[in-house]
Amino acid sequence: MPRNHARKKALAALKARYGVKHTDAIALLESEDRESLCFLLAVFPDVTTYWEAADVMAANRRSYYEEYDPTPCPECGSDDGGPYGTCVCYYDDTEDEAS
């Protein structure tokens, strides 16, 4: 029996489930983002390879970081630039209107 029998079975399962080629199945199996990439392959019919799924993930990450700029605040140095950032240098206009 081959030593990498479990790996071969996992590759065969990926190829059968998502209809990818052997090299794509290897890349999926070794990827840290395997679950997300497999989700993209399952949900989007136009995404048919590992590289296309990786491109979609990269585009989603870029759009997130463009929307929530993680650039540090020049005044306080806070680098938590997400939607719930810790920078308090600029007040929120809606809080002023409510009071």
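Numbers for the structure displayed
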{"read-out": "Those residues of segment 19-34 which are farther than 16 Å from Ala58 by Cβ and either touching a helix residue (DSSP H, G or I) at 6+ places or on another chain (Cβ under 9 Å) or aliphatic (A, V, I, L, M) (or both), in sequence order", "value": "Gly19, Val20, Lys21, His22, Thr23, Asp24, Ala25, Ile26, Leu29"}
{"read-out": "Check on Pro2, modelled with pLDDT under 90 and either in contact with a Lys or Arg (Cβ under 9 Å, 6 or more places away or on another chain) or open to solvent by 90 Å² or more (accessible area, probe 1.4 Å) (or both)", "value": "yes"}
{"read-out": "Meets criteria (closer than 19 Å to Met57 by Cα, among the hydrophobic types (A, V, I, L, M, F, W, C) and surrounded by 12 or more Cβ atoms within 10 Å (Cβ to Cβ)) for Leu37", "value": "yes"}
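The values are calculated or read from the model by the stated rules, or taken from the named source; none is laboratory data. Just so it is clear, the model here is predicted, and its values are computed rather than measured. In this analysis, Cβ positions are derived from the backbone assuming ideal geometry, glycine residues included, and neighbour counts consider all displayed protein chains. These accessible areas exclude ligands, DNA and RNA; they are computed on the full protein's heavy atoms, side chains included. Shrake-Rupley method; radii C 1.70, N 1.55, O 1.52, S 1.80 Å.
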